[in-house]
1. What whole-number volume per residue, in cubic angstrom, does the convex hull of the C-alpha atoms of the stretch 44-149 give?
2. Could you state the orientation-averaged shadow area of the convex hull built on the Cα atoms of the chain, in nm² to one decimal?
3. For the stretch 114-161, build the convex hull from the C-alpha positions and give me its volume per residue in Å³.
4. In nm, give the distance between the simple-model label positions of Leu24 and Ile98, each being 7 Å from the Cα along the Cα-to-Cβ direction.
5. Provide the FRET efficiency to the nearest 0.05 for the Cys42-Ser144 pair, computing r from the beta carbons and using R0 = 25 Å.
6. Which loop-located trypsin sites (Lys or Arg not before Pro) does the stretch 1-73 contain, where loop means any DSSP state but H, G, I, E or B and the Cβ has at most 12 other Cβ atoms within 10 Å?
7. Specify which residue in the list Ala15, Leu55, His101 is farthest towards the positive end of the charge dipole of the chain, using unit charges on the beta carbon of Lys, Arg (+1) and Asp, Glu (-1), about the Cα centre.
8. Give me the number: length gained by fully extending Phe119 to Ile151, i.e. 0.36 nm times residue separation minus the C-alpha to C-alpha distance, one decimal in nm.
Amino acid sequence: ATFRFHASDLLRLGAIFLVPLAWLSAGPAAAAAMALVAGGTCLLRYYAGSRAQDLTGQLVFISAGLFSMIGLYRIIWWLDLAVHLIVMAVVTVLIYDILVHRNGLTQRASQAQQRNVAFVLLTYGSLAAVLWEVGEWAGYYLVSQEIGVGILDSVTDILAGILGILGTVHWISSSRKFQ
C-alpha cells in the first residue's frame, strides 16, 4: 500500500534514464526497446516473488535492451536467440508471480489447478513470445529498418522463447509445486 524505496529501485531508475540515452545514441528503435525494458522493470517491482528475482529480472531486461542499443545482436549472431530464451524465462516467472498475486495460489493446489496454471503459463508465455516478434516486425516497418527481422529470425526467436518458457514451466511445476 505504501511505496518504500529499496536498492533495486536504482536499477529501475537507470532503465528509465536509458530511454532518452538510447534515443540519442542509437535512435528510436533502441529507445522503444528500452522503454519496454523500463516497463518490465516496473512490473518486476510489484510482482516479483522476491528481491533476488526482482534484481535478476531487471538485469536480464536491461542487458537485453543494452545489447540492442549498442548493436551487439548484429555482431554476435547467436546472442539474439540466447536473449529470447532467457527473457522469455523471466517473463514466464513474472506471469507466474502475477497469477500467484492475483489468484492466491497455494502450496496445496490441486493437480487440476496445477495443470491449469501450467497451461496458462504456456499460453501467456507463448503469446508474449509471438507479440515480441510482432513488435519487431512493426518496429521494422514503422520505426527503423535496422531492426533485424525475417522469417528465419522470427521462427528461431519464437522457438528459443518457447524453449525458455517450457524450461521455466517445468522448473516451476517441479521445484515450486505452484506455491
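Read-outs throughout are calculated quantities, based only on the coordinates presented, and are distinct from any laboratory measurement. Keep in mind that this is a model prediction, so the values were computed, not measured. Cβ: placed from backbone, ideal geometry, glycine included. Neighbour counts: every protein chain shown.
1. In the stretch 44-149, the Cα hull volume divided by residue count equals 115 Å³.
2. Mean orientational projected area (the chain, Cα hull): 10.7 nm².
3. 59
4. Distance between the two pseudo-spin positions: 3.2 nm.
5. 0.50
6. Arg4
7. His101
8. 8.8 nm
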